[in-house]
Amino acid sequence: MSSQQQGLDALVAQKYRHGFVTDIESDTVPPGLDEDVIRLISRKKGEPQFMLDWRLQAYRHWLTLHEPDWAHVRIAPIDYQSISYYSAPKKKDGPKSLDEVDPKLLATYEKLGVPLHERARLAGVAVDAVFDSVSVATTFKDKLAKAGVIFCPFSDAVRDHPALVERYLGSVVPYTDNFFATLNSAVFTDGSFVYVPKGVRCPMELSTYFRINAANTGQFERTLIIADEGSHVSYLEGCTAPMRDENQLHAAVVELVALADASIKYSTVQNWYPGDEHGVGGIYNFVTKRGECRGANSRISWTQVETGSAITWKYPSCVLTGENSVGEFYSVALANHYQQADTGTKMIHIGRNTRSTIVSKGISAGRGQNTYRGLVKILPSAEGARNYTQCDSLLMGDKCGAHTFPYMEIRNPSAVVEHEATTSRIADDQLFYCRSRGISEEDAVNMIVNGFCRAVFKELPMEFAVEAQNLLSVSLEGAVG
Amino acid sequence: MLSIRDLHAQIGARKILKGINLEVRAGEVHAIMGPNGSGKSTLASVLAGREGYEVTAGSVEYLGRNLLEMEPEERAHAGVFLAFQYPVEIPGVNNAYLLKAALNAVRRQRGEAELDAFEFLALVRDKMQLMQMDESFLNRGVNEGFSGGEKKRNEILQMAVLEPKLALLDETDSGLDIDALRVVASGVNSLRGPDRAIVMVTHYQRLLDYIEPDFVHVLSDGQILKSGGKSLALELEKRGYDWVRQEARVA
């Protein structure tokens, strides 16, 4: 061991003593970010050298970058040195039982129909299951293994399938991509890894609940899904976070790779804590999600329902490289109270006869600000490319805002690109009509909003569609009247 | 059942109802006729609880309760139903879904068990036959892309399903061709009964050929100027409204 390494260990040990003298079960790196912290994360996870090198490259690049400021959001400055970049569960932290959990939060779970044992887990009660930066045990691993599907925590994949990780990691979202993706590349702690081999149809929907549990920890998860030739996989991502007064940063990266004739369906229901009705607290959800249809006839479909987070800033995108490949984006984004959402997609058409569909439904209520930002880019090579974009906004009340920034870059004359947009309000007439039929005002609002979102909800897997509808109604409580 | 006394209402500063008096008992069918702008639709809207109308004087008692203090959905739960002159479109909301939600909301209030999907479907199929409506209606968005006649039929279908005690029909005949009018009228007639009252607001006598009223009232400039039996409607058809007004002035 080099003397430098010994020095590092001493330093770490020292910080530990200061941070958590009495709590032997805790495993949280003290706040702050430098190369030593990155080495520590990598070592704790037992990563091979290539992984550490990649992280360090990313970190060094990150130091040259500045936070982007082009999004239509107001944001308090983030102190990256005050964040703890690694947190394993601390059993002494958080409530000991459901009795200690904020009843408001429990009421929300009840309305969502979350099973009781799940509620405890979601509310951050210190049970044996593991949250935060270490992935929850993946139950159906065996059944999947029989089909040859690899579905495991990202850290396991780095150890057990280093060749796959090394080959595909960063191949869609390079570590130089953008400020937050670069930060993620340097410090990501866990996430999911999926590999579906040639010709295999994944026998079940894969799902992972991501959570941010501990206070003051950033969540930097990294997900990589590879669908080999002719395979199919559907992945569900659900997100919740307990209430905290302070803002928390969530900077995730998701990469999807679809090879020839493969298809990936990626569904998200995002319900991070949005802050309270006065705009205090809430998650900063700055996420880079991108998929590449690398092979011919491949397909990637993003469906997202974004009801949470103080600020949502994400653009699940498709790079359509393969001939005849298809990209889809279906989105419902809700901004209530002081929430801000700047979301949309990018469809990059490279291959011939590539097609993309964008359906975006934005709902603004309270003082919420909802922005659709989308790019349709048709490169000269994309002969016969097609895009259809539909972008609808629904306003509730008179203090919210809806904004649309559609960008189009068409560099092939054979392309056909359509864009439709509407902005509407929930009309008093519609509300009165429902109420005069005996339906309460709140139910009427839910009904109308769900009708507005139907084109997106029908893309969701069944159980998620129900959850999404419930979420919308919970998130819109008190938005009218 | 319904007792309206000296009802005054306005929109903003514009006075529209200027002292309406009307008694409606269970089992009766009343027709309120009058020229455009006389306040017919305002009366229906005020009774159903639409926002934007200010009641400045008078009272409305419904089954012993102060109707004006009730929210629109409470009125519906208590058995008041308004068939809209211009039914509202709600895109993306399934027609059957709205109807089932409405029916179960009303049933809950009555202390009856909610219907499940099968019971509901059986009930609604029955009623649709009566209204000569195709089942595909159920899966379309509420009034979304419906023709004028389809919208009106849909209103009466809702009424048939919800079985109100007091049905207010606001210009239900407007925009209907003769065949549609027959269907709508037979739907309304099937709901006539000793426990139910119907108040129809209409511009034309035509509707009354199909739904025979027990009482006809002439509304003009916010007041009921004259009341009578069915023959009054025929007289109005022949002579117009002016003579009623003149008569009222003389009196």
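The values are calculated or read from the model by the stated rules, or taken from the named source; none is laboratory data. Keep in mind that this is a model prediction, so the values were computed, not measured. Ideal geometry is used to build each Cβ from the backbone, glycine not excepted, and the neighbour counts take in all protein chains shown.
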Keeping to the range B:49-98, report how many residues are surrounded by fewer than 17 Cβ atoms within 10 Å (Cβ to Cβ) and polar (S, T, N, Q).
-> 3
The range A:247-261, residues that are in a strand (DSSP E or B) and either surrounded by 21 or more Cβ atoms within 10 Å (Cβ to Cβ) or of a type in the set (A, V, I, L, M) (or both) = A:Q248, A:L249, A:H250, A:V253, A:V254, A:E255, A:L256, A:V257, A:A258
Report, by residue number, each residue of the range B:18-61 that is small (G, A, S) and away from every other protein chain (no Cβ under 14 Å).
-> B:G19, B:A26, B:G27, B:A31, B:G34, B:G37, B:S38, B:G39, B:A57, B:G58, B:S59
Would you please name the residue that is farthest from A:T371 (Cα to Cα), looking only at residues in the range A:421-442 that are facing chain B (nearest Cβ under 7 Å) and modelled with pLDDT under 90?
-> A:D429
Quick check: is even one residue across the range A:403-414 on the phi > 0 side of the Ramachandran plot and either within 14 Å of another protein chain (Cβ to nearest Cβ) or surrounded by fewer than 19 Cβ atoms within 10 Å (Cβ to Cβ) (or both)?
-> no
Return the residue satisfying two criteria in turn: it lies in the range A:422-477 and is touching a residue at least 60 places away in the same chain (Cβ under 8 Å) and of a type in the set (G, A, S), and of such residues it is surrounded by the fewest Cβ atoms within 10 Å (Cβ to Cβ).
-> A:A455
The lone condition A:L395 fails out of (1) away from chain B (no Cβ under 14 Å); (2) within 27 Å of A:A296 (Cα to Cα); (3) under 29 Å from the mean Cα position of the chain (by Cα) is (2)
If a residue has to be of a type in the set (F, W, Y) and within 12 Å of chain A (Cβ to nearest Cβ) to count, how many in the range B:66-123 make the cut?
-> 4
From A:G368, A:G351, A:G362, which residue is under 17 Å from A:F329 (Cβ atoms) and of a type outside the set (A, V, I, L, M)?
-> A:G362
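Yes/no matrix, rows are residues, columns are (1) over 28 Å from B:S136 (Cα atoms); (2) part of a strand (DSSP E or B); (3) among the aliphatic types (A, V, I, L, M):
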| residue | (1), (2), (3) |
| --- | --- |
| B:E74 | yes, no, no |
| B:L82 | no, yes, yes |
| B:V88 | no, no, yes |
| B:V93 | no, yes, yes |
| B:L98 | no, no, yes |
| B:A101 | no, no, yes |
| B:A105 | no, no, yes |
| B:Q109 | yes, no, no |
| B:A113 | no, no, yes |
Among the residues of the range A:209-228, count how many are buried (at least 21 other Cβ atoms within 10 Å of the Cβ), modelled with pLDDT under 95 and out of contact with any helix residue (DSSP H, G or I) (no Cβ under 9 Å at 6 or more places or on another chain).
-> 6
Can you tell me which residue among A:T371, A:T343 is β-branched (V, I, T), over 21 Å from A:K265 (Cα atoms) and crowded, with 24+ Cβ neighbours inside 10 Å?
-> A:T371
Quick one: would you say B:E23 is charged (D, E, K, R) and within 22 Å of A:C434 (Cβ to Cβ)?
-> no
Out of the range A:429-460, which residues are hydrophobic (A, V, I, L, M, F, W, C) and assigned to a helix (DSSP H, G or I)?
-> A:L431, A:F432, A:C434, A:A444, A:V445, A:M447, A:I448, A:V449, A:F452, A:A455, A:V456, A:F457
